[in-house]
Amino acid sequence: MPTFLLPGSEQTCPPGARCVGKADPSARFEVTLVVRQPAQDAFARHLEALHDVTRRPPALTREAYAAQYSAAADDFAAVEQFAASEGLQVVRRDAAQRTIVLSGTVAQFNHAFEIDLQKIEHEGKSYRGRVGPVHLPQHLKTVVDAVLGLEDLPLARTHFRLQPAARSAAGFTPLELASIYQFPAGAGKGQAIALIELGGGVKTSDLTTYFSQLGVTPPQVTAVSVDQATNSPTGDPNGPDGEVTLDVEITGAIAPEAHIVLYFAPNTEAGFFNAVSAAVHDTTHRPTVISISWGGPEAAWTRQSLDAFDRALQAAAAMGVTVCAASGDSGSSGSPGNGSPQVDFPASSPHVLACGGTRLHASANRRDAESVWNDGAGGGASGGGVSAAFALPSWQEGLQVTAADGTSQALTQRGVPDVAGDASPASGYDVVVDAQATIVGGTSAVAPLWAGLIARLNASLGKPLGYLNPILYQHPGVLNDITQGDNGEFSAAPGWDACTGLGSPNGQKIAGVA
C-alpha cells in the first residue's frame, strides 16, 4: 500500500535521553489521531475576525461549533477502515474534537505507521519513544492532521516554586492580591474554571483548611478523568500536588462561586492535548476560562503536535473561552540549564493569554512597586521571548522587543508573554499543600490568578470575555506597565516587553474595556 510521510511528525531523541533497545512488541497502548477540520476557509475567516476588535463576531456555542466544524463522517470511516486493516481497535471518537483513539500493540503500531518504537531511558526512568517520521496510507494524506501518543515521555513541567512559610513574611493571600490588583467585586457565580493537571492531586482536607482560614466558602470542585488519569495526591508538596492544589486554592479564593473543574491527564503529548481538547469541548461543565500551568520548550514539540494543539486553542477562542497559560520559570531560556533563548508552549500560541511573572512590593493592599521576576541562576525568572513556531499576530504588529543590553528591534514573530502578575516566591502566594503552610511562586500561580479575574469579570458582565488578547493590546493602559528588570536575554521597557508583556492587571480598568 502506498504511503506518505506525515508532515511535522519527525521526532528526535530528547536531550539527555538514550535508546536502550526495542520497545516490548506486545505492550498495548492508545494513540490519538486528529482529523482535518471541514469548512476550513469559513473558520479561518471567523478566526481572522476574532483578531480584529472592530469586527469581533459573537462567541459560538459549543453546539454551534460542533454543527459547523465537526469531523466529517467519511473521514472517520476512512481512518476506521485503515485501523481495521492493521488490527487496531477503535476505542472512541469525538466529532467535535475531531479525534479518533486507536488501541493496539507496539508491533501493530510499528507496522501501521512504519515506525520503530524504542525503549528510551531518560532521567533514570524508562519510556516508549521513537526517532523519525510517521507514515500513513496515501488515501489519508489530506484526512489526518496528527498522530499523537506514540511516545509516552513527559512533555511538560510545572511552573511553580515552593518555600516554607516560615522563611518569609512577604506572602500574600489570593484575596489580598485581588485587592492589590483592583479586581472588581464578585465571586464568579455561574462560571466554570477548567484547570489542566498532568499529575498529582488535591486533598479535600487541604481545601477545607485553606478556605476556612480565608473565611471563604469552599468552591464546588469536580475531577474529570482523561485517558484514565485521576485525582491522585502523592503526599509530596514539591511534586505535582503543589501545582494542582495551588491552582484550586487561587482560583477558588478569587471566584468561590465558580465551579472548579480539574481535567486530570497523563503527562504525555497525547494526554496534554486530550485534556485541553476535552475542556474546550466539554458540553457538561462548559468552562468559560481555562488555566494551564504546565508547558515545555517549543523545541520539545513536533510541528504536528503544535498545530493540533493550537487548533484546539483556536476552537476555544471561537467559543468565547479564555485560555490562560503560564509562560515558564526559566527566563529567556525556556528550559532549566539551557541558555539558548526559546519560549514555552502552549504559552507561545497566539490563542492563549500568556502569563509572565513579577516581583511585587505592596502594603496595606496597595501596589507600591513591581519589577520583572528574576531570582537569578537556579532561582527562576519570568519566561518570555520570541516564538520560533508562531507568526506575529496582528495585535502585536508594530511592537519592539528590547534586549538586556538596551537595544531594541522589531518584533517579527509571536512575542511572549502577554500579561503578568506576582510570581516571585519572595512575594508569593500563601497556600496549604499536603497539610503544609507554604508560600508559592512561579508563573504557575499567575495563570490561575488571571483565570480567577476573568471568571469574576465574566460573571459581572453577564457574558464571556473570550479571546481577550486583541482587546488588551488595543487598551494597554488597563495594565500596570512594568519597566524595571530583565529575564536574561530580554529587558523590561515601556509598553510591551518579552518579560512581563503589557504588565500586571488592573481589574477595574480591564472591566471598563471588556
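Out of curiosity, is GLU151 within 21 Å of the chain's Cα centre (by Cα) and at pLDDT 85 or above? So GLU151 passes the test.
Restricting attention to the range 391-418 and to residues that are of a type in the set (Asp, Glu) and within 24 Å of the chain's Cα centre (by Cα), the residue that is farthest from ILE482 (Cα to Cα) turns out to be GLU397.
Considering the conditions (1) modelled with pLDDT under 95; (2) farther than 30 Å from SER305 by Cβ; (3) part of a helix (DSSP H, G or I), GLU243 is excluded by exactly one of them, (2). When the residues of the range 199-210 are filtered to those that are part of a loop (DSSP other than H, G, I, E, B) and touching a helix residue (DSSP H, G or I) at 6+ places or on another chain (Cβ under 6 Å), which remaining residue is surrounded by the most Cβ atoms within 10 Å (Cβ to Cβ)? Taking the candidates together, the pick is VAL202.
Out of all the residues in the range 243-255, is one or more surrounded by fewer than 19 Cβ atoms within 10 Å (Cβ to Cβ) and either among the polar types (S, T, N, Q) or out of contact with any Phe, Trp or Tyr (no Cβ under 8 Å at 6 or more places or on another chain) (or both)? No; the residues of the range 243-255 include none that is surrounded by fewer than 19 Cβ atoms within 10 Å (Cβ to Cβ) and either among the polar types (S, T, N, Q) or out of contact with any Phe, Trp or Tyr (no Cβ under 8 Å at 6 or more places or on another chain) (or both). Of the residues that make up the range 294-304, is at least one in contact with a helix residue (DSSP H, G or I) (Cβ under 9 Å, 6 or more places away or on another chain), assigned to a helix (DSSP H, G or I) and over 30 Å from ALA146 (Cβ atoms)? Checked against the condition, which is being in contact with a helix residue (DSSP H, G or I) (Cβ under 9 Å, 6 or more places away or on another chain), assigned to a helix (DSSP H, G or I) and over 30 Å from ALA146 (Cβ atoms), the range 294-304 yields no hits at all.
Being on the phi > 0 side of the Ramachandran plot and touching a residue at least 12 places away in the same chain (Cβ under 8 Å) is a description that does not apply to GLY252.
Does GLN68 qualify as being without any contact (Cβ under 8 Å) to a residue 40 or more places away in the chain, surrounded by 14 or more Cβ atoms within 10 Å (Cβ to Cβ), of a type outside the set (Asp, Glu) and assigned to a helix (DSSP H, G or I)?
yes
In the range 211-240, the residues that are crowded, with 18+ Cβ neighbours inside 10 Å reach residues that are among the basic types (Lys, Arg) and part of a loop (DSSP other than H, G, I, E, B) with C-beta atoms within less than 8 angstrom, at least six apart or across chains, in these pairs: PRO233/LYS203.
Among the residues of the range 71-98, write down those that are acidic (Asp, Glu) and either assigned to a loop (DSSP other than H, G, I, E, B) or out of contact with any His (no Cβ under 8 Å at 6 or more places or on another chain) (or both). ASP74, ASP75, GLU80, GLU86 - these are the residues of the range 71-98 that are acidic (Asp, Glu) and either assigned to a loop (DSSP other than H, G, I, E, B) or out of contact with any His (no Cβ under 8 Å at 6 or more places or on another chain) (or both). Every condition in (1) buried (at least 24 other Cβ atoms within 10 Å of the Cβ); (2) out of contact with any Ser or Thr (no Cβ under 7 Å at 6 or more places or on another chain) is met by SER460 except one, and the failing one is (1).
One residue alone among TRP395, TRP450 is touching a Phe, Trp or Tyr at 6+ places or on another chain (Cβ under 6 Å), aromatic (Phe, Trp, Tyr) and either buried (at least 18 other Cβ atoms within 10 Å of the Cβ) or under 30 Å from PHE172 (Cα atoms) (or both), and that residue is TRP395. Considering only residues in the range 93-137 that are at positive phi and under 25 Å from the mean Cα position of the chain (by Cα), the one that is surrounded by the most Cβ atoms within 10 Å (Cβ to Cβ) turns out to be ARG98.
Of the numbered conditions (1) touching a residue at least 40 places away in the same chain (Cβ under 8 Å); (2) more than 19 Å from the chain's Cα centre (by Cα); (3) in a loop (DSSP other than H, G, I, E, B), ALA347 satisfies every one except a single condition; which is it? If we test ALA347 against (1) touching a residue at least 40 places away in the same chain (Cβ under 8 Å); (2) more than 19 Å from the chain's Cα centre (by Cα); (3) in a loop (DSSP other than H, G, I, E, B), just (2) comes out false.
For the range 9-22, the criterion of a residue being surrounded by 15 or more Cβ atoms within 10 Å (Cβ to Cβ), in contact (Cβ under 8 Å) with a residue 40 or more places away in the chain and among the polar types (S, T, N, Q) is satisfied by at least one position. All of (1) in contact with a Gly (Cβ under 8 Å, 6 or more places away or on another chain); (2) closer than 25 Å to ALA278 by Cα; (3) surrounded by fewer than 18 Cβ atoms within 10 Å (Cβ to Cβ) hold for VAL31 with one exception: (3). Looking at the structure I just gave you, is ASN480 polar (S, T, N, Q) and within 22 Å of ALA185 (Cβ to Cβ)? The answer is yes for ASN480. All but one of (1) β-branched (Val, Ile, Thr); (2) closer than 18 Å to VAL321 by Cβ; (3) surrounded by fewer than 13 Cβ atoms within 10 Å (Cβ to Cβ) hold for VAL53, so report the exception by its number. It is condition (3) that VAL53 fails. Under the condition of being part of a strand (DSSP E or B) and surrounded by fewer than 22 Cβ atoms within 10 Å (Cβ to Cβ), the residues counted in the range 364-373 number 5. When the range 99-148 is filtered for residues that are in a strand (DSSP E or B), out of contact with any Ser or Thr (no Cβ under 8 Å at 6 or more places or on another chain) and polar (S, T, N, Q), the ones remaining, listed by number, are SER103, GLN118, SER126. Residues considered: ALA315, ALA325. Of these, the only one that is touching a helix residue (DSSP H, G or I) at 6+ places or on another chain (Cβ under 8 Å), over 17 Å from SER491 (Cα atoms) and part of a strand (DSSP E or B) is ALA325.
Here the condition is being at pLDDT below 95, surrounded by 24 or more Cβ atoms within 10 Å (Cβ to Cβ), more than 16 Å from the chain's Cα centre (by Cα) and among the small types (Gly, Ala, Ser); of GLY421, GLY428, GLY379, GLY334, it holds for GLY428 alone. Number of residues in the range 282-301 that are more than 14 Å from the chain's Cα centre (by Cα) and either assigned by TED's automatic domain parsing to the domain that holds TYR127 or buried (at least 23 other Cβ atoms within 10 Å of the Cβ) (or both): the value is 2.
The values are calculated or read from the model by the stated rules, or taken from the named source; none is laboratory data. None of these values were measured; they are calculated from a predicted model. Cβ: placed from backbone, ideal geometry, glycine included. Neighbour counts: every protein chain shown.
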